[in-house]
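> Sharing a structure with you now.
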Amino acid sequence: MRAISFLLFTTLLLAGCASEDPNIVDPPPGSRRIVVRLFNMIPDGATRKMILEQGYQSAEVGQFRFSDSVRSPGDSSFVEIVKAGATEFRTPQRVRFIQNAVYDVFTISKIGQPTVFDSVLIVNANNALTTLPVAQVRVVNLIADTNRTFDVRVGCPNGTPLTAAPVPFKIASLYSEVYPGLAVFSISETKNGVVNVIGTYQSVLGERKAYSIIIYRDATSTDAYFLFIEENDLTSNAERAFIPVETRTADIRVLNLSTSNVDVSLSNTGQSLVKGLGTSSISSITTAPTCEGERADVFAATYSDGRTATDSTSMTVRGKYTVIAVDSGGSGQIVIAPTIQRPFGAIGKSVIRVVNASARSRSIVVSLGARSDALAPNGIAAGSTIARDIVFDSLSAPTAVEPGLLPLTVTTSSTPTNIIDVTRATVAPDKNYDLVIYDDGSRIRTMLVEEEESSSTMQPLPDGAFGRFINGSNRQVSIPIQIGLTLPSGSVYYGNALATTFPVGIVPYNINGVPGSFTTDASMRSLLIYANGNGTPNVIDVTTPPLTPVNGQTSRRVVNATEDVRMISVCIDSIPKISGDGDHLARDVPYGMASAASVTNLDRRGTYYVYDAETRTQLYTLPVQLAPLGNNYTFVVVGRKDGGYEVIVSQEF
């Protein structure tokens, strides 16, 4: 009597997709969104169709093909296989289905007789529930041979197993999570205890998609063949490309950021990757074999001044590697940047990864400044950190950002925070980039390297100027701004501040209808404040040398951006009765001006009294300790008599 194998796995509600027919998307009552499809895997050249109860049936299915999904008449049904108009097989009892599920019905050959029908394998095709948008892949072994098992691994034949154990005949494995995008699988078989690598294959996996690697044979040989199916596609067009990788290789290029020409080779094989590569140059892309053994791949660099350096990694099939040669004190150093793995949900975005190739920087932070973004609230994307605490010879996780102009700031991880480099870059959608931080003489610079770039002379990113904008007027909830190319549009609420990078030179602006420009310099810091002095809208420009943070010391200054106070002073602990008395942070600061920086190494407690320098009327108070030692601040005094006064505190870098 013919047997039926029925495997039941964890189910998951499958959302309807664009390729489903109306009966699947909106099934009649009683069907409960259960769909079934037939895989005709008998190598006899005959077509077959599947019939369920109440006349629900598939179309004729050719050899090694599969049908569109068929609605089940209910939560159980007899399953009948028809060949040439005659019943070839019928389940001895109704097969029970789970609601909201998809089922695959595979026809199976008799052991030792591949062209003879034996039974069916019915398996649930729903993938496991997960919170991450990963792809999921399983293996289905339909070769009727109990002495053969199949092992599928991600990457090389010695890579990570896809299944908990090699898959025997008439078994569908559980799904395993695989990162979406280009995926490489190596398949081996074990027959009578002998292991043989069949081959390596590549495919492109979608986020939240489920796939089956179906293993079968034909009638003329015992060779294994593969059918790669996207299970979420419920049509007969669900086969996806599963392309043999003829040569297991990786792509390698060399980026020379050292002060000497350099030769780089693979020590394991002796293969030369580049010879005499000049400084600030990137080589052509060279292919190198992978999966040659279980030992790591070793790179060796020889500098023209006699220095040498080595480093290693385990390259993967179809991987893309950048070998960066740098200086490290009096020695050479290699930094290896492997394939950039795009984050989930990165379609249409640019992906940035930070590589710290600067031996002089112990640990760095890389931040994006504020920039215009039509999709962001008020049309401006706030500043964000894209890499934190990246030490020398290490990389950040890739980050997806909106394409376009990126205002960039590189700072120290340690406190007090010091700015290392201020620059900007332009990135394109669906491209991958390494943002390489490196030593360039006495400076630390930043270079943007696109994933496919090769055979060219590289340049550091241009110098930029660090700047901030503060909306210091409460006469409107928010104001429209246009500041250079970085912030061509958007609006800013009262009291809010933006920090970003501007190009060096003259930067035009139009802030709430007030036109103008300011001049930036890489060695200076710019602070723009929108205010209403004497009721007239205007922009205060404070461009000065940076208040460089120093351990155990704090610098503080005051800007008068009030509407109706001609001069302000700030005293500690009280408002003096006599002019000149008291310990002052700032004295007699006119409207639109900034005081000189007040420097102290005392970690004192107390209160700052902000007052009208002419009438000695108190305007505002704030605690002294809000500015700890090591950090520097600008206190922007804003407001007017009938609405009250406030102090906006802005940290300096």
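> Taking Gly533, is it assigned by TED's automatic domain parsing to the domain that holds Gln482 and modelled with pLDDT under 95?
yes
> Yes or no: the stretch 493-509 includes at least one residue that is hydroxyl-bearing (Ser, Thr, Tyr), surrounded by fewer than 16 Cβ atoms within 10 Å (Cβ to Cβ) and free of Cβ contacts under 8 Å to residues at least 12 places away in the same chain.
Checked the stretch 493-509: no residue is hydroxyl-bearing (Ser, Thr, Tyr), surrounded by fewer than 16 Cβ atoms within 10 Å (Cβ to Cβ) and free of Cβ contacts under 8 Å to residues at least 12 places away in the same chain.
> Please indicate, with yes or no, whether at least one residue in the stretch 575-598 is in a strand (DSSP E or B) and of a type in the set (Lys, Arg).
For the stretch 575-598, residues in a strand (DSSP E or B) and of a type in the set (Lys, Arg): present.
> Among the residues of the stretch 621-647, write down those that are closer than 13 Å to Arg557 by Cα and at pLDDT 90 or above.
Result: Tyr633, Thr634, Phe635, Val636, Val637, Val647.
> Moving on. Is it true that Gly85 is without any contact (Cβ under 8 Å) to a residue 40 or more places away in the chain and under 25 Å from Ala224 (Cα atoms)?
no
> Given the structure, is Leu205 crowded, with 16+ Cβ neighbours inside 10 Å and either touching a Pro at 6+ places or on another chain (Cβ under 6 Å) or closer than 21 Å to Phe106 by Cβ (or both)?
Yes, satisfied.
> From the list Val542, Val492, which residue is of a type outside the set (D, E, K, R), in contact with a helix residue (DSSP H, G or I) (Cβ under 8 Å, 6 or more places away or on another chain) and part of a strand (DSSP E or B)?
The conditions single out Val492.
> Among the residues of the stretch 213-225, count how many are surrounded by fewer than 19 Cβ atoms within 10 Å (Cβ to Cβ) and of a type in the set (Phe, Trp, Tyr).
1
> Also, I was wondering about something else. Which of the residues that make up the stretch 623-653 are without any contact (Cβ under 8 Å) to a residue 40 or more places away in the chain and in contact with a Ser or Thr (Cβ under 7 Å, 6 or more places away or on another chain)?
Pro623
> Of all residues in the stretch 407-444, which are under 23 Å from the mean Cα position of the chain (by Cα) and of a type in the set (Lys, Arg)?
Arg424, Lys431
> Return only the number of the condition from (1) touching a Lys or Arg at 6+ places or on another chain (Cβ under 6 Å); (2) not in a strand (DSSP E or B) that Pro416 does not satisfy.
(1)
> Then there's this: Can you name every residue in the stretch 369-384 that is part of a helix (DSSP H, G or I) and touching a residue at least 12 places away in the same chain (Cβ under 8 Å)?
Within the stretch 369-384, Asn378, Gly379 qualify.
> Give the stretch 373-386 a look and list any residue that's crowded, with 20+ Cβ neighbours inside 10 Å and more than 22 Å from Ile481 (Cα to Cα), or say none.
Ile386
> Same structure again: Taking the options Ser72, Ser31, Ser67, name whichever one is at pLDDT 95 or above, among the hydroxyl-bearing types (Ser, Thr, Tyr) and surrounded by 15 or more Cβ atoms within 10 Å (Cβ to Cβ).
Testing whether each residue is at pLDDT 95 or above, among the hydroxyl-bearing types (Ser, Thr, Tyr) and surrounded by 15 or more Cβ atoms within 10 Å (Cβ to Cβ) leaves just Ser67.
> If Gln618 satisfies every condition in (1) over 24 Å from Val565 (Cα atoms); (2) polar (S, T, N, Q); (3) at pLDDT 90 or above but one, which is the exception?
Result: Gln618 fails condition (1) only.
> Another question about this same structure. Working only within the stretch 312-333, note down all residues that are under 26 Å from the mean Cα position of the chain (by Cα) and free of Cβ contacts under 8 Å to residues at least 60 places away in the same chain.
Ser312, Thr313, Ser314
> If you don't mind, there's one more thing I want to ask. Please enumerate the residues belonging to the stretch 348-372 that are surrounded by fewer than 17 Cβ atoms within 10 Å (Cβ to Cβ) and either within 15 Å of Thr399 (Cβ to Cβ) or not assigned by TED's automatic domain parsing to the domain that holds Thr399 (or both).
Listed by number, the list holds a single entry, Gly348.
> Continuing with this model, one more query. When the stretch 88-110 is examined, which residues are found to be within 23 Å of Arg217 (Cβ to Cβ) and touching a residue at least 40 places away in the same chain (Cβ under 8 Å)?
Glu88, Phe89, Asp104, Val105, Phe106, Thr107, Ile108, Ser109
> Within the stretch 451-471, count every residue that is crowded, with 16+ Cβ neighbours inside 10 Å and either closer than 21 Å to Thr519 by Cα or touching a helix residue (DSSP H, G or I) at 6+ places or on another chain (Cβ under 7 Å) (or both).
Adding up the residues that qualify gives 10.
> Right, next: Restricting attention to strands (runs of 3 or more DSSP E) lying wholly within the stretch 235-312, give those where 1 or more residues are farther than 22 Å from Gly332 by Cα and not acidic (Asp, Glu).
Output list reads 249-256, 286-289.
> When the residues of the stretch 129-144 are narrowed to those that are at pLDDT 95 or above and not small (Gly, Ala, Ser), which ends up nearest to the chain's Cα centre (by Cα)?
Taking the candidates together, the pick is Gln136.
> Name the strands (runs of 3 or more DSSP E) wholly inside the stretch 31-128 in which the number of residues that are more than 46 Å from the chain's Cα centre (by Cα) is 3 or more.
Answer list for the stretch 31-128: 80-83, 86-90, 113-124.
> Any idea which residue in the stretch 261-283 is surrounded by the most Cβ atoms within 10 Å (Cβ to Cβ), counting only those that are on the phi > 0 side of the Ramachandran plot and over 30 Å from the mean Cα position of the chain (by Cα)?
Gly276
> A follow-up question, please. Which numbered condition trips up Thr548, out of (1) surrounded by fewer than 16 Cβ atoms within 10 Å (Cβ to Cβ); (2) β-branched (Val, Ile, Thr); (3) part of a strand (DSSP E or B)?
Going through the list (1) surrounded by fewer than 16 Cβ atoms within 10 Å (Cβ to Cβ); (2) β-branched (Val, Ile, Thr); (3) part of a strand (DSSP E or B), Thr548 breaks only (3).
Yes or no, residue by residue, for (1) at pLDDT below 95; (2) in contact with a Phe, Trp or Tyr (Cβ under 7 Å, 6 or more places away or on another chain); (3) of a type in the set (Phe, Trp, Tyr):
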{"position": "Thr247", "(1), (2), (3)": "yes, no, no"}
{"position": "Val264", "(1), (2), (3)": "no, yes, no"}
{"position": "Ser272", "(1), (2), (3)": "no, no, no"}
{"position": "Ser283", "(1), (2), (3)": "no, no, no"}
{"position": "Thr286", "(1), (2), (3)": "no, no, no"}
{"position": "Gly329", "(1), (2), (3)": "yes, no, no"}
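Table: residues versus (1) crowded, with 22+ Cβ neighbours inside 10 Å; (2) free of Cβ contacts under 8 Å to residues at least 40 places away in the same chain; (3) of a type in the set (D, E, K, R).
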{"position": "Gln553", "(1), (2), (3)": "no, no, no"}
{"position": "Arg556", "(1), (2), (3)": "yes, no, yes"}
{"position": "Asp564", "(1), (2), (3)": "no, no, yes"}
{"position": "Gly582", "(1), (2), (3)": "no, yes, no"}
{"position": "Arg587", "(1), (2), (3)": "no, yes, yes"}
{"position": "Pro590", "(1), (2), (3)": "no, yes, no"}
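> Have a look at Ile340, Ile347 and point out the one that is closer than 17 Å to Glu453 by Cα, among the aliphatic types (A, V, I, L, M) and not in a strand (DSSP E or B).
When all the criteria are applied, what remains is Ile340.
The values are calculated or read from the model by the stated rules, or taken from the named source; none is laboratory data. Just so it is clear, the model here is predicted, and its values are computed rather than measured. Every residue, glycine among them, receives a Cβ derived from its backbone with ideal geometry; neighbour counts consider all protein chains shown.
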